[in-house]
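Participant: I'd like to ask some things about the structure below.
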Amino acid sequence: MISSELNSSSQGHLILGGVDAVELAHKYGTPLVVYDVEEIRKTIQQFKQSFEASGLKYEISYASKAFATVAMYQVLKQENLHTDVVSGGELFTALKAGFPADKISFHGNNKSKAELEMAVDNHIGVVIIDNFLEIKLLKEVLEEKQQSINVMLRLTPGISAHTHKYDQTGQVDSKFGFDVESGQADEALQQVLSIKQMNLIGIHAHIGSQIFGVEGFEMLAKKMVEISQNWHDKFDFVPEILNLGGGFGISYTDEDEPIGANVFIDKIISTIKEQTKEKGLQLPEVWIEPGRSIVGPAGFNLYTVGSRKDIPGLLSYVNVDGGMGDNIRPALYQAKYEAVVANKMNAAIEEEDHIAGKYCESGDILIDKQALPKVEPGDVIAMLDTGAYGYSMASNYNRNPRPAVVFVEKGKDKLVVKRESYEDLVRLDESYI
Ligand code: LLP
């Protein structure tokens with residue numbers, strides 16, 4: 001989201017989902033994570049519309065690792081989406097939220113037997129099998145429970161996208177999935193086809209995250225149809241579903257130039273249509289797994305400014321009451337963000353500052369250089385586009401409680417995750433003496 005697209009009141013306060021962000025900060029305290037739910041719904045609709053126009057069968061499976069809470073799964077349920085989970089914890093949260101089990105896919109390169117049992121007991125939609133041990137474990141679970149389940153095979157097709165560049169060999173060296181080139185994928189296919197409790201409905205591949213070009217998805221779509229043809233010729237099996245994973249990039253700063261969801265989807269669909277026609281194969285159902293693009297731009301982290309350090313000749317440090325515990329991405333990935341002063345939206349820009357967190361670590365800088373109005377203690381800073389992998393990767397580093405999460409929509413605000421208390425921090429601690 002570009003800061004010029006933000007709404008503000010005549011008072012110069014940032015407005016999120018029709019609600020005054022400064023009032024939110026005062027009402028719930030800071031640091032505070034705020035989601036504009038209408039923005040989430042809008043993005044989902046854009047993805048859907050792109051598919052609808054194609055006439056192809058499709059599913060959009062939200063990658064819940066980007067942000068997974070009960071309230072988020074409830075919004076997904078309202079929007080009739082699928083979701084994918086990558087742990088027993090995400091699965092538990094989705095089920096707790098009343099999310100329909102048959103719309104859940106289960107990912108992961110090291111699912112435990114207990115997690116697979118949980119998946120089978122709850123009759124989830126599909127287990128996306130990642131490796132040979134998982135085939136064995138899942139078979140055991142299914143036999144023990146006399147159940148059957150839908151599965152997909154996760155493949156490493158030899159394509160990966162490192163944001164701007166595509167790499168055609170790198171993906172082979174990956175901890176995820178069955179390698180296609182070496183024949184592991186063929187072996188996995190044969191094993192799964194021989195297990196009658198497993199209903200193989202499709203294949204999956206994910207080429208990376210925060211991707212800005214369509215080329216990688218085009219390459220992947222071609223590769224998946226090629227694999228389908230090979231399997232048709234060699235094993236008389238054609239996957240009904242091609243799941244192309246997620247990774248659609250968003251704009252964190254004006255250095256990022258994202259392309260619309262429709263451009264990605266159109267390219268994926270046109271490539272699949274063209275390739276299947278050429279090879280005489282039936283049109284498959286197409287699945288995608290966006291995470292970041294659905295929640296990233298809808299999320300804002302609000303902080304209160306405290307102290308500042310002015311160093312002659314250098315940028316000042318504006319210190320806020322959160323930091324790497326609620327958003328590890330700047331420290332971990334050198335991720336860039338933009339921020340505004342939520343109570344001074346109409347004020348002129350006067351300075352450039354480092355926005356620093358409160359964690360006891362020099363690397364806890366949320367934004368390296370941000371143009372801002374004159375910043376004073378008590379001001380509310382809103383960091384933009386923090387909705388993906390911010391709260392979901394939050395920690396209690398320095399024993400700071402994790403922030404509260406509030407959903408805003410149509411002028412209303414609702415607390416959806418409480419702020420952790422100090423008591424919460426010691427809840428699991430046991431005494432040693
Ligand atoms: N499907 C699979 C199998 C994935 O591994 C991922 C992300 C997604 C879908 C969703 O990708 P998205 O649409 O959100 O880009 N923590 C990192 C991102 C890690 C992404 C891991 N996999 C970050 O903060 O940038």
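Participant: Could you look through segment 75-96, keep only residues that are within 18 Å of the chain's Cα centre (by Cα), farther than 20 Å from Gly390 by Cα and hydrophobic (A, V, I, L, M, F, W, C), and pick out the one that is most open to solvent (accessible area, probe 1.4 Å)?
Facilitator: Phe92
Participant: If you scan segment 128-145, which residues turn out to be more than 16 Å from the ligand (Cβ to nearest atom) and not in a helix (DSSP H, G or I)?
Facilitator: Across segment 128-145, there are no qualifying residues.
Participant: Output the number of residues of segment 172-208 satisfying the condition of being within 14 Å of the ligand (Cβ to nearest atom) and open to solvent by 50 Å² or more (accessible area, probe 1.4 Å).
Facilitator: Residues in segment 172-208 being within 14 Å of the ligand (Cβ to nearest atom) and open to solvent by 50 Å² or more (accessible area, probe 1.4 Å): 3 in total.
Participant: When the residues of segment 235-270 are filtered to those that are hydroxyl-bearing (Ser, Thr, Tyr) and within 16 Å of the ligand (Cβ to nearest atom), which remaining residue is farthest from His206 (Cα to Cα)?
Facilitator: Thr253
Participant: Determine which member of the set Met393, Met345 is in contact (Cβ under 8 Å) with a residue 60 or more places away in the chain, within 16 Å of the ligand (Cβ to nearest atom) and of a type in the set (A, V, I, L, M, F, W, C).
Facilitator: Only one candidate qualifies: Met393.
Yes/no per residue for (1) surrounded by fewer than 22 Cβ atoms within 10 Å (Cβ to Cβ); (2) basic (Lys, Arg):
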residue: Lys42; (1), (2): yes, yes
residue: Gln45; (1), (2): yes, no
residue: Lys57; (1), (2): yes, yes
residue: Tyr73; (1), (2): no, no
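Participant: Exactly one condition in (1) surrounded by fewer than 16 Cβ atoms within 10 Å (Cβ to Cβ); (2) modelled with pLDDT of 95 or more; (3) away from the ligand (no atom under 16 Å from the Cβ) is false for Asn110; which is it?
Facilitator: The failed condition is (3).
Participant: Does Val225 meet the test of being under 21 Å from the mean Cα position of the chain (by Cα), in the same structural domain as Leu155 (by TED's automatic domain parsing) and surrounded by 15 or more Cβ atoms within 10 Å (Cβ to Cβ)?
Facilitator: In short, no.
Participant: Find the residue count for segment 348-358, including only residues that are assigned to a loop (DSSP other than H, G, I, E, B) and either open to solvent by less than 20 Å² (accessible area, probe 1.4 Å) or within 16 Å of the ligand (Cβ to nearest atom) (or both).
Facilitator: Final tally of qualifying residues: 1.
Participant: OK, next. Might you check whether a residue that is part of a loop (DSSP other than H, G, I, E, B), closer than 30 Å to Pro239 by Cβ and away from the ligand (no atom under 16 Å from the Cβ) occurs anywhere in segment 58-72?
Facilitator: no
Participant: Output the number of residues of segment 113-138 satisfying the condition of being surrounded by 19 or more Cβ atoms within 10 Å (Cβ to Cβ) and touching a residue at least 40 places away in the same chain (Cβ under 8 Å).
Facilitator: 8
Participant: Suppose we keep only residues that are away from the ligand (no atom under 16 Å from the Cβ) and β-branched (Val, Ile, Thr) within segment 283-318. Which one would you say is surrounded by the most Cβ atoms within 10 Å (Cβ to Cβ)?
Facilitator: Per the stated criteria, the residue is Val318.
The values are calculated or read from the model by the stated rules, or taken from the named source; none is laboratory data. All values reported here derive from a predicted model rather than from experimental measurement. Cβ: placed from backbone, ideal geometry, glycine included. Neighbour counts: every protein chain shown. Ligands, DNA and RNA are excluded from the accessible area calculation, which covers all protein heavy atoms including side chains. Shrake-Rupley method; radii C 1.70, N 1.55, O 1.52, S 1.80 Å.
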